[in-house]
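Colleague: Below you will find the structure I want to go over with you.
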Amino acid sequence: YAKLREVTLTYNIPANRLKPTSFIRGASVSLVGRNLLYFFPNRYKDLDVDQYTQDSGSGLQTPTTRSYGFNVNLSF
């Protein structure tokens, strides 16, 4: 199987867009997506293969969930 674990799209704000008198030296914004796609045979449809462990006594762990986020990074 294969899965798309994480995708991050970042935009760095150009330095000339920041005020010269500002104490902020750099800035960027990002969109983040985790656990977006799974690629495996159709016979395993609706099955999260990462949910099963080999060394756990119960054999199951909490399933992974799809998540989205937004980051702001500032340099001073």
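Colleague: Out of all the residues in segment 1-19, which are closer than 15 Å to L74 by Cα and assigned to a loop (DSSP other than H, G, I, E, B)?
Modeller: P14, L18, K19
Colleague: Here's something else I'd like to know. Taking only pairs six or more apart or across chains, which ones have beta-carbon atoms under 8 Å, a first residue in segment 1-29 that is under 30 Å from F40 (Cα atoms) and at pLDDT below 85, and a second residue that is β-branched (V, I, T) and surrounded by 11 or more Cβ atoms within 10 Å (Cβ to Cβ)?
Modeller: Y1/V49
Colleague: Can you tell me which residue is nearest to T64 (Cα to Cα) among those in segment 8-43 that are touching a Leu at 6+ places or on another chain (Cβ under 7 Å), of a type in the set (A, V, I, L, M) and surrounded by 13 or more Cβ atoms within 10 Å (Cβ to Cβ)?
Modeller: L36
Colleague: Which pairs have Cβ atoms under 6 Å, sit 6 or more apart or on different chains, and link a residue in segment 57-76 that is under 30 Å from S28 (Cβ atoms) and of a type in the set (A, V, I, L, M) to one that is modelled with pLDDT of 90 or more and not in a loop (DSSP other than H, G, I, E, B)?
Modeller: Within 6 Å, the pairs are V72/V29; L74/A27.
The values are calculated or read from the model by the stated rules, or taken from the named source; none is laboratory data. Small disclaimer: the values here were computed from a predicted structure and weren't measured. For neighbour counting, all protein chains shown are included, and Cβ atoms are generated from backbone atoms with ideal geometry for every residue, glycine included.
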